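Right, one structure below, let's go through it.
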Amino acid sequence: MADFRSNMISRAITAVYFGITFILVVVEILAGKPSGVAFNPQLLLFIFKPLLIPSLMLLYFVTSKTRSKLYFATLFFAMCSNIFFLSIAPHFLFYGMLAFMLYRILSIIIVLKLVNKIPLLPFLIACVPFVFIFSSLINLTMNALGASFYPAIVNGILISILCGISLSNYILDDSRNNSWLAISTLLAIVLVYLFMIQKYYLPNDIFQPISALIFAGAHYAYYKFVVISESQKTNGFLNNDRSAVG
């Protein structure tokens, strides 16, 4: 009965999470069109966008037995970057880059704690194309980055490292948790690419609803990786304890 209730609560929170995502996508579409509605789409963005990550925090709190403080901190910095990026002011974009950098560092630490092993050679090989992609992207937007230039470089390196870890682990072991991690990092690549192009190179409102959808999908996929990996770790420890007792 308790498991049934917990499942119902987690499904309800998941529905809220994707409900907020749907609202953000619709609002982003309306915000990119000439004003013909009775409300201000930008106001709805300021209301609903900060609610997305807290709903994922609540979902993790309900579904995880570990309830890692490190993951909560990771989501907190993700929420901060999401809020800062609501503004187009250069100093807020800079703060958003810093918050995103801290989010990415903590994300990598979590991955290192949860994956079984990191094969060095496959990891280095897997990093190469992503380093090339982000180097090209930074070079393309260099003139417009301003104070965000160095945070952008650090973020590019961090994402390349995370992509190298996830891709090499997925190729060697396409388990459920590695599959979710691979999905999350691939979506993150697309998200960063769209963000950099829109903010610093080719402003286009069509990118906003796509980015909102990808942002929510990437975070949900990473959440699934964390929860499944924690469950596998916990079950592995329990099995080892039982074997020792036996």
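Is at least one residue of the stretch 147-162 open to solvent by less than 40 Å² (accessible area, probe 1.4 Å), of a type in the set (A, V, I, L, M, F, W, C) and under 27 Å from PHE18 (Cα atoms)?
Initially, the stretch 147-162 is screened for residues open to solvent by less than 40 Å² (accessible area, probe 1.4 Å), giving 148, 151-152, 155-156, 158-160, 162.
After this cut, where a residue has to be of a type in the set (A, V, I, L, M, F, W, C) as well, the list is 152, 158-159, 162.
Right, trim to under 27 Å from PHE18 (Cα atoms) and you get 159, 162.
For the stretch 147-162, residues open to solvent by less than 40 Å² (accessible area, probe 1.4 Å), of a type in the set (A, V, I, L, M, F, W, C) and under 27 Å from PHE18 (Cα atoms): present.
When residues of the stretch 138-165 are filtered for being in contact (Cβ under 8 Å) with a residue 24 or more places away in the chain and either in a loop (DSSP other than H, G, I, E, B) or aromatic (Phe, Trp, Tyr) (or both), how many remain?
0
Can you find, within the stretch 88-99, the residue that is farthest from GLY146 (Cα to Cα) among those that are open to solvent by less than 70 Å² (accessible area, probe 1.4 Å) and touching a residue at least 40 places away in the same chain (Cβ under 8 Å)?
Selected residue: LEU98.
LEU102: at pLDDT 90 or above, open to solvent by 30 Å² or more (accessible area, probe 1.4 Å) and closer than 22 Å to ILE165 by Cα, yes or no?
Considered against the rule, which asks whether it is at pLDDT 90 or above, open to solvent by 30 Å² or more (accessible area, probe 1.4 Å) and closer than 22 Å to ILE165 by Cα, LEU102 comes out as yes.
With the structure loaded, tell me whether SER168 is farther than 30 Å from ALA89 by Cβ and out of contact with any strand residue (DSSP E or B) (no Cβ under 7 Å at 6 or more places or on another chain) or whether it fails that test. Working first, answer last.
Values: farther than 30 Å from ALA89 by Cβ: yes; out of contact with any strand residue (DSSP E or B) (no Cβ under 7 Å at 6 or more places or on another chain): yes.
Spelling it out, SER168 is indeed farther than 30 Å from ALA89 by Cβ and out of contact with any strand residue (DSSP E or B) (no Cβ under 7 Å at 6 or more places or on another chain).
Filter the stretch 52-82 down to residues that are of a type in the set (Ser, Thr, Tyr), closer than 15 Å to GLU230 by Cα and more than 13 Å from the chain's Cα centre (by Cα), then give me how many there are.
The total comes to 5.
From ILE161, ILE165, grab the single residue that is at negative phi and in contact with a Cys (Cβ under 7 Å, 6 or more places away or on another chain).
Of the residues listed, the single one that is at negative phi and in contact with a Cys (Cβ under 7 Å, 6 or more places away or on another chain) is ILE161.
Considering SER168, SER135, SER184, which residue is under 18 Å from the mean Cα position of the chain (by Cα) and either modelled with pLDDT of 85 or more or assigned to a helix (DSSP H, G or I) (or both)?
SER184
The values are calculated or read from the model by the stated rules, or taken from the named source; none is laboratory data. Everything numeric here is computed off the predicted structure, so don't read it as measured data. All Cβ positions, even for glycine, are placed from backbone atoms using ideal geometry, and neighbour counts span all protein chains on display. For accessibility, only protein heavy atoms count, side chains too; no ligands or nucleic acids. Shrake-Rupley method; radii C 1.70, N 1.55, O 1.52, S 1.80 Å.
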